[in-house]
Amino acid sequence: MTKITPPEFITRSEEQLDKGYDPKVAQGLMQFLKPYAGHMIFALVLIVIVTAAAVSGPYFVKLAIDEGIAANDPLALRNIALAYLIVSIIQLGFNYWRVRIMARVGQHVLYDVRTAMFAHLQKLSLSFYNRYSVGRVITRVINDVGTLREFITWAVLAIVRNLLGIIGTLIAMIALNFQLSMLTFAVLPVMVWVTIAFRKAARQNYRKVRAAVSWGNSVLAENINGVRVVQAFSRQQHNYNTFSGYVNRYYLETSLDAVWVASLFTPVIDLLGALATALVVYVGGTAVLGESITAGVLIAFVLYIDRFFEPIRDLSRRFDTLQSTMAGGERILELLNTPVEVRDEANAAEMQPITGAVRFDNVSFHYSDDPVLVLDSIQLDVKPGETVALVGETGAGKTTIVKLLARFHDPTSGGVHIDGVDLRTVTQGSLRRQMGMVLQDPFLFNGTVKENILFGRLDAKDDEVIAAAKAVGAHDFIMNLKNGYETSVEEGGLTLSVGQRQLISFARALLANPRILILDEATSSVDTQTEHIIQSALAALLKGRTSFVIAHRLSTITNADKIVVIDGGRIIEQGKHADLLAAQGRYYELYKTGFQD
Amino acid sequence: MKNLIRSAAFLRPYAWQAFASLLMLLALTGLNLVVPRIIQAVVDDGLLRGDTAYLVRSALLLFGLGLVSALLGLGNRYASEWIAAHVSYDLRNRMYDHIQYLPFTYHDHAQSGQLISRCIEDVRAIEKFAGSSIPELARFALLTFGILGVMLSANLELAVISLLPMIPLILMTGWFGTKIGKLFFAVDQAVGEVSNRLQENVTGVQVVRAFAREEYETKRFESANMDVFRKWLHVIDEWAKIMPTTNWLITIGTILILYFGGQMVIAGELTVGAVAAFNAYLLMMAEPAQALTGLVNAGGEAAAGAQRVFEVLDAEPDIKSKKEARVLSALKGEVEFRHVSLKYQNENNHSLTDINVKVGQNKIVALIGPTGSGKTSLVNLIPRFYDVSDGAVLVDGRDVRDVELTSLRRQIGIVLQTSLLFSDTIRANIAYGRPDAAEEEIIAAAKAAQAHEFIEGFTKGYDTIVGERGVTLSGGQRQRVAIARALLTDPRILILDDSLSSVDTQTEKLIQAALDKLMEGRTTFVIAHRLSTVRRADLILVMDKGHIVESGTHDELLKAGGLYKEIHDLQLMQREEALTDIQPITGNKPTHENTLYAPRSNAG
Ligand SMILES: Nc1ncnc2c1ncn2[C@@H]1O[C@H](COP(=O)(O)OP(=O)(O)O)[C@@H](O)[C@H]1O
Ligand SMILES: Nc1ncnc2c1ncn2[C@@H]1O[C@H](COP(=O)(O)OP(=O)(O)O)[C@@H](O)[C@H]1O
Ligand SMILES: [Mg+2]
């Protein structure tokens, strides 16, 4: 038993799962098997045929010996051998077929499950991602789903085959001798009890193992993504100690626990088999001596016991796989069942072409993990085509306002309206396709510069891409890159300077030709000269669109139609530049410090 | 195969356990052979002799043997799984540690999703193989040679005939072995690609949502996912070929025995019993034959995993301390760039060309220049995140390549341009560079970075857990935590790479004031776009296209009338517009430039 306690977010989901979740998990997973029911039934038929063919083998041998060899009949021998050959070829063909079908079904299911998970991830609201690290997502979609493969590909049919075998042997045993059968079955209740106990222990262990994998992956992923900070602060040794001493060790210890229980299970089953054999030998032997049964019956019976326990032993191994699969399955379903906070209502309409009137109607908001209000009774009216500047201290809530506008989150109370339509009544896609955002943290995808700009509008032409890049002053540096627009930027754009990344994501937003444009500190890492160029280009670009601009360099916002000053989640002032200055309030203070030294 | 042998080295620490597991397996196999004999003996002797005591003893013996074999089974399974778990523990540790030390250049071009999947999935493939391979292989060899020996000694001719199908079987297995490894490698690559897609999608989730590109992303994911599916089909095709065929070839052996053996019997050269016995032996071959396929399959999977693991482990961390590297004692903080050029890996152009600067102890250096001019590249050379292509970077007169890396980086505090935090408490994030720092020190650092106030504003204060990369903080808050993190290490050289870009002007002023104090007695490099920050520096470096185009103090540069003057004029213009805005309100005359731009000595 391990003494390591993983962080709360790792253990939390385990506890939730512990309440007899079984039938639901099985049901949930069945859903994914259903489309392949036909295939599976067919494979089942194949398995019956293959098994029959395999069983007929000894019969052919017997025939060959009795009819061919013993009868001194070379012709018969040849014919029997030939017949055997044909049967074996049929068996080969069907077996080939069966393996292909089941393995394919397994892969199909994995494909379906992963796609379903990814699609669900696309719907989950952003607050999900605040809590959920990359590593954990990857674990669920890759590793936990992986536990299904082995089970579907090999175990499902093996279980069926074993059950068939057990039932067959059972009937044969009872037919042979009822008393001895009952004697053998005397161990069954013990076995059932052992199995139940095992199931519980194993499931708990595998849950811990899955959680450990998840923990390990998230630590690993974070360390990889943050490797520059790790190195800048020379944290390698410390991190290594944590990883090997806690995270990885927890994985090791939970694995060993799981392995221990699993290793215990099969021998116990074996032992019960040996017990049954011993009982039969003793009792049956006595019976033979008492001449109530023949020695032949006893021998046959002992052989049957072996046949009876062989599939049970195999089942016990599969049962172990099943436990691990179920532990994985629980986690898959947990993700698939994670409620979507921001979702399209069933009757959500398409957002009509936006003219651009924006209204925040008494909007209050807090993020799900902290009850402190981040936005407090925001009241804001924006006319179509207006440029709104949001100013205020960092952490005042500016970004949060624009996030609500794009409906990344829904307000806790109040409503956000565009053209008089409450955002909660329209589909998110139709809304966001008409918006363009430059986020505070520029993010570029693995791909070429062009592809990254095209992300804004997939069907844009080359000259439009170039025009967008020129508008933000990015064209020159792009042309200086190794392959111009075809230069591939690495994941996250790491081979570009931060300002360059910002310019590309700016171009991306412009290319989208949005009805509402959101610029969240879009040029914070860009030099003043480039920024100035963008400014002059922007005036033309903003014409006719409603736009929200957040910036700290106040020179960029003086021309706004409306300046909104946010402080501690409230709007404390709004109006035009000159009016706000005249009021000598907070904006005036900000403005003054911005230009003083 | 080569990779498999290499990964066998990870088994070495567990040689004893592997040996024990092997012994137990052999004993177990032996026992399994004995039990039928006992049953036969019971029937033959006990029943015929009519001896009850003998029956009891046999029954007890049977149970005893069952017990022993259960224990052996337990021991063998646990031992092999124990070894496997430890091997994978070791491997994951190695991977984790190795990746931490790989240089920036490596990570610039590596795909993190692939890296993650190598650490997890591929290590697991090796693990699966590691524990059982040696005992299984030994068992296979023993069984095979045992059965072969018996068969060959019983009847050479029949043995040769019945073993004929073994030739294609061995050939097939060999061929399967060479092929399956490659196929699994393709599967692994595809799975790695899927985790890449995931990684990218999760990190870029805001952009995906902002542009309503969920469908597009799902399509891209599906195509990566489909690729995994396809690659698996190749594997499955091989499985479907080899697995049934193995069984079939054994059956063919039986048929051959029956046919040719039968003819021999008919010709009077052989007894029927011998044919039956031969057949029984051949059937015993079925198990090891299947085991071999399984082993080869697992070996192929492990080899593919090992290849991917070793690709990472073989990547040399080329930025590391030399063996004879000197450990730096307390630095004075002189920094010199001597004819430094930098060309990033895979790039055609130099990002820095012939940089020549000498910075004295405790000086403040400011870098300014257009986006992409090389400012970040320049400061990144001081903690040796990258190695220069030409020239040398010297700290206290020593080439950074000649000093012990940790002792260098420990004395440099850097606030990277992208302020990444970890999903941990704010306290732990600030203490990242000094996990043992006292609470007061942490708070002091937070105060200096103007972070204390907003942290206290959270319900859980310093215990607030921030999301991965710091996503639950606003941009400016993140930057301030990153500044506090750097300040806490009390560095001799402080580097601020555009660290206030997301901070509002008022907060910036406060941080400036705090930093003014903190910069005293340290060498500081500041990258900034706002002249208000830059102009106080002892030395201003104006960069353009990888060159230092101008350098000097504010006044000198203004006189020179170059790029700096242009930037200055632009900002001055903006400022003057601002002042004319304010002026009619305040009623003051536009203040004279000199009082606004007070020299640092006066301001400090
Ligand atoms: N995803 C999030 N989860 C929880 N809190 C958040 C999240 N994003 C921002 N906050 C908090 O909300 C407040 C406002 O943040 P933000 O809107 O980003 O400020 P800014 O005005 O700088 O754009 C801050 O205190 C920040 O810590
Ligand atoms: N890791 C890298 N690999 C390749 N090229 C890079 C890398 N980092 C920066 N560059 C290139 O080097 C040039 C200078 O970048 P940088 O030093 O970040 O500029 P800045 O002056 O904006 O800080 C840019 O053209 C950028 O594309
Ligand atoms: Mg913000």
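The values are calculated or read from the model by the stated rules, or taken from the named source; none is laboratory data. This is a predicted model, so every value here is computed, not measured. So basically every Cβ, Gly included, is an ideal-geometry build from the backbone, and we count neighbours across all protein chains shown. SASA here: full protein model, heavy atoms, side chains in, ligands and nucleic acids out. Shrake-Rupley method; radii C 1.70, N 1.55, O 1.52, S 1.80 Å.
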Of the residues in segment A:543-597 that are open to solvent by 40 Å² or more (accessible area, probe 1.4 Å) and of a type in the set (Lys, Arg), the one that is nearest to the chain's Cα centre (by Cα) is A:Arg570
Over segment A:275-312, the set of residues under 30 Å from A:Leu157 (Cβ atoms) and facing another protein chain (nearest Cβ under 9 Å) is A:Leu275, A:Thr277, A:Val302, A:Leu303, A:Asp306
**Item:** A:Val342 within 10 Å of chain B (Cβ to nearest Cβ) and within 16 Å of ligand 1 (Cβ to nearest atom)
**Value:** yes
Subset of segment A:410-456, residues in contact with a strand residue (DSSP E or B) (Cβ under 9 Å, 6 or more places away or on another chain), within 14 Å of chain B (Cβ to nearest Cβ) and not hydrophobic (A, V, I, L, M, F, W, C), comes to A:Asp410, A:Thr427, A:Ser430, A:Gln434, A:Gly436, A:Gln440, A:Asp441, A:Asn446, A:Gly447, A:Glu451, A:Asn452, A:Gly456
| query | So is A:Tyr206 within 30 Å of A:Phe308 (Cα to Cα), within 10 Å of chain B (Cβ to nearest Cβ) and of a type outside the set (D, E, K, R) or not? | reply | no
Q.
Would you confirm whether or not segment A:574-594 contains a residue that is more than 30 Å from A:Gln352 (Cβ to Cβ), of a type in the set (Phe, Trp, Tyr), without any contact (Cβ under 8 Å) to a residue 40 or more places away in the chain and within 16 Å of ligand 2 (Cβ to nearest atom)?
A. no
Subset of segment A:539-597, residues within 16 Å of B:Glu577 (Cα to Cα), of a type in the set (Val, Ile, Thr) and either away from chain B (no Cβ under 14 Å) or part of a helix (DSSP H, G or I) (or both), comes to A:Thr556, A:Thr593
When segment A:513-536 is checked residue by residue, the ones that are more than 16 Å from ligand 2 (Cβ to nearest atom), open to solvent by less than 30 Å² (accessible area, probe 1.4 Å) and outside any loop (DSSP other than H, G, I, E, B) are A:Ile516, A:Leu517, A:Ile518, A:Leu519, A:Asp520
Considering segment B:346-361, residues that are out of contact with any Gly (no Cβ under 6 Å at 6 or more places or on another chain) and away from every other protein chain (no Cβ under 12 Å), and then whichever is farthest from B:Val395 (Cα to Cα), we arrive at B:Asp354
(message) Would you confirm, using the coordinates I've provided, whether A:Asn217 is at the interface with chain B (Cβ under 7 Å from one of its Cβ atoms) and either open to solvent by 10 Å² or more (accessible area, probe 1.4 Å) or of a type in the set (S, T, N, Q) (or both)?
(response) yes
Hey, A:Phe243 modelled with pLDDT of 85 or more, surrounded by 20 or more Cβ atoms within 10 Å (Cβ to Cβ) and more than 9 Å from chain B (Cβ to nearest Cβ) or not = no
Restricting attention to segment B:370-392, the residues that are facing another protein chain (nearest Cβ under 8 Å) and among the β-branched types (Val, Ile, Thr) number exactly 2
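Residues checked against (1) under 25 Å from A:Leu77 (Cα atoms); (2) surrounded by fewer than 17 Cβ atoms within 10 Å (Cβ to Cβ):
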| residue | (1), (2) |
| --- | --- |
| B:Val228 | no, no |
| B:His234 | no, yes |
| B:Pro244 | no, no |
| B:Leu256 | yes, no |
| B:Tyr259 | yes, no |
| B:Val272 | yes, yes |
| B:Thr293 | no, no |
| B:Ala298 | no, no |
In the set A:Val25, A:Val61, A:Val45, A:Val50, the lone residue that is out of contact with any Gly (no Cβ under 7 Å at 6 or more places or on another chain), more than 30 Å from B:Phe260 (Cα to Cα) and at pLDDT 75 or above is A:Val45
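Restricting to helices (runs of 4 or more DSSP H) lying wholly in segment B:404-509: which have 2 or more residues that are modelled with pLDDT of 85 or more and farther than 30 Å from A:Val565 by Cα?
By residue number, B:405-409, B:426-430, B:439-448, B:475-488.
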Residue count, segment B:91-131, condition more than 11 Å from the chain's Cα centre (by Cα) and within 19 Å of A:Ala232 (Cα to Cα), comes to 6
Segment B:510-552: strands (runs of 3 or more DSSP E) wholly inside it with 2 or more residues that are crowded, with 24+ Cβ neighbours inside 10 Å and over 39 Å from the mean Cα position of the chain (by Cα) are none
For helices (runs of 4 or more DSSP H) lying entirely in segment A:441-512, having 1 or more residues that are at pLDDT below 85 and under 30 Å from B:Val503 (Cα atoms) picks out A:462-471, A:498-511
B:Phe145 meets each of (1) within 30 Å of A:Ile269 (Cα to Cα); (2) free of Cβ contacts under 8 Å to residues at least 24 places away in the same chain with one exception, condition (1)
Note: among B:Ser132, B:Ser112, just one is open to solvent by less than 10 Å² (accessible area, probe 1.4 Å) and touching a residue at least 24 places away in the same chain (Cβ under 8 Å), namely B:Ser112
If you go through A:Gly296, A:Gly284, the only one that is farther than 30 Å from B:Ala431 by Cβ, assigned to a helix (DSSP H, G or I) and out of contact with any helix residue (DSSP H, G or I) (no Cβ under 8 Å at 6 or more places or on another chain) is A:Gly296
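Give me the helices (runs of 4 or more DSSP H) completely within segment B:191-306, filtered to those with at least 3 residues that are at the interface with another protein chain (Cβ under 9 Å from one of its Cβ atoms) and of a type in the set (Phe, Trp, Tyr), ordered by residue number.
Those helices (runs of 4 or more DSSP H) span B:214-256.
Yes/no per residue for (1) within 9 Å of chain B (Cβ to nearest Cβ); (2) assigned to a helix (DSSP H, G or I); (3) more than 53 Å from the chain's Cα centre (by Cα):
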site: A:His39; (1), (2), (3): no, yes, no
site: A:Val55; (1), (2), (3): no, yes, no
site: A:Ala64; (1), (2), (3): yes, yes, yes
site: A:Asn72; (1), (2), (3): yes, no, yes
site: A:Ala81; (1), (2), (3): yes, yes, yes
site: A:Leu85; (1), (2), (3): yes, yes, no
site: A:Ser88; (1), (2), (3): yes, yes, no
Cβ pairs under 7 Å, 6+ apart or interchain, first in segment A:98-117 and more than 7 Å from every other protein chain (Cβ to nearest Cβ) and open to solvent by 10 Å² or more (accessible area, probe 1.4 Å), second of a type outside the set (A, V, I, L, M, F, W, C) and in a helix (DSSP H, G or I), ordered by first then second residue, are A:Ile101/A:His39; A:His108/A:Tyr36
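Given the structure, is B:Ser532 facing another protein chain (nearest Cβ under 10 Å), modelled with pLDDT under 80 and under 30 Å from A:Met479 (Cα atoms)?
no
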If you go through A:Leu170, A:Leu164, A:Leu148, A:Leu92, the only one that is open to solvent by 30 Å² or more (accessible area, probe 1.4 Å) and either facing another protein chain (nearest Cβ under 9 Å) or within 23 Å of the chain's Cα centre (by Cα) (or both) is A:Leu92
